[in-house]
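Take a look at the structure below.
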Amino acid sequence: MESPGSKVDLKTSLILSIDFAMVMSGLRKAARRNTSCRLELTTSQIEFSTEFTGQEITFSVHIARRDGFHTTDLARMTRADFITFATETCQKCVDLIISHQPRVSENPSFKKYVEIMGLQIP
């Protein structure tokens, strides 16, 4: 994932693309309202958050372990850059899903998720 000012390197096989896209979409909506946000994936105890610090947003991941959540800051960027970054990341997730399963683009539930996120099916 890359933003205008940051490259976010998050390597894991634990995150479903559609789940990650929905989380990023939620974080994007919160950023548009200048609100900090923390959202958990549906399939694991991994959370992503945005926190406003002055004019910047800190984008972080929180992973649950036996001794509590461990937090890693993934990137800091302006609000506008984060909104662009989140939109592009969501679209890349949708594109990845369709590239591996082209018929999913005909699925009404998938279409609804894409519409909710304000994205396009290629």
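If we scan the stretch 62-79, do we find a residue that is part of a helix (DSSP H, G or I) and open to solvent by 60 Å² or more (accessible area, probe 1.4 Å)? Yes, the stretch 62-79 contains at least one residue that is part of a helix (DSSP H, G or I) and open to solvent by 60 Å² or more (accessible area, probe 1.4 Å). Of a type in the set (Val, Ile, Thr), more than 13 Å from the chain's Cα centre (by Cα) and open to solvent by less than 20 Å² (accessible area, probe 1.4 Å) - does that describe any residue in the stretch 50-57? The answer is yes; a qualifying residue exists.
In this structure, is SER44 under 12 Å from the mean Cα position of the chain (by Cα), open to solvent by less than 60 Å² (accessible area, probe 1.4 Å) and touching a residue at least 12 places away in the same chain (Cβ under 8 Å)? The answer is no for SER44. Among the residues of the stretch 63-75, is any at pLDDT below 95, touching a Gly at 6+ places or on another chain (Cβ under 9 Å) and either small (Gly, Ala, Ser) or at negative phi (or both)? So far as the stretch 63-75 goes, yes, one or more of its residues are at pLDDT below 95, touching a Gly at 6+ places or on another chain (Cβ under 9 Å) and either small (Gly, Ala, Ser) or at negative phi (or both). Checking each residue in the stretch 80-101 for being among the polar types (S, T, N, Q), under 20 Å from GLU51 (Cα atoms) and either open to solvent by 20 Å² or more (accessible area, probe 1.4 Å) or at pLDDT 95 or above (or both) picks out THR84, THR87.
In this structure, GLN55 does satisfy being touching a residue at least 24 places away in the same chain (Cβ under 8 Å), over 27 Å from PRO122 (Cα atoms) and in contact with a helix residue (DSSP H, G or I) (Cβ under 9 Å, 6 or more places away or on another chain).
Okay, residues lined up against (1) within 20 Å of ASP19 (Cβ to Cβ); (2) among the charged types (D, E, K, R):
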residue	(1), (2)
GLU40	yes, yes
SER44	yes, no
PHE48	yes, no
THR53	no, no
PHE82	yes, no
SER99	yes, no
GLU115	yes, yes
GLY118	yes, no
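From SER60, SER105, SER109, SER99, which residue is touching a Ser or Thr at 6+ places or on another chain (Cβ under 7 Å) and not basic (Lys, Arg)? Residue meeting the stated conditions: SER60. For the stretch 89-119, filtering for residues that are touching a residue at least 24 places away in the same chain (Cβ under 8 Å) and of a type in the set (D, E, K, R) leaves 2.
Applying the criterion of being assigned to a loop (DSSP other than H, G, I, E, B) and without any contact (Cβ under 8 Å) to a residue 12 or more places away in the chain to the residues of the stretch 13-34, the residue that is most open to solvent (accessible area, probe 1.4 Å) is ARG33.
The values are calculated or read from the model by the stated rules, or taken from the named source; none is laboratory data. Only a predicted model underlies this, so the values are computations on that prediction, with no experimental measurement involved. We place every Cβ from the backbone using ideal geometry, glycine too, and count neighbours over all the protein chains shown. These area figures cover heavy atoms from the full protein model, side chains too; ligands, DNA and RNA do not enter into them. Shrake-Rupley method; radii C 1.70, N 1.55, O 1.52, S 1.80 Å.
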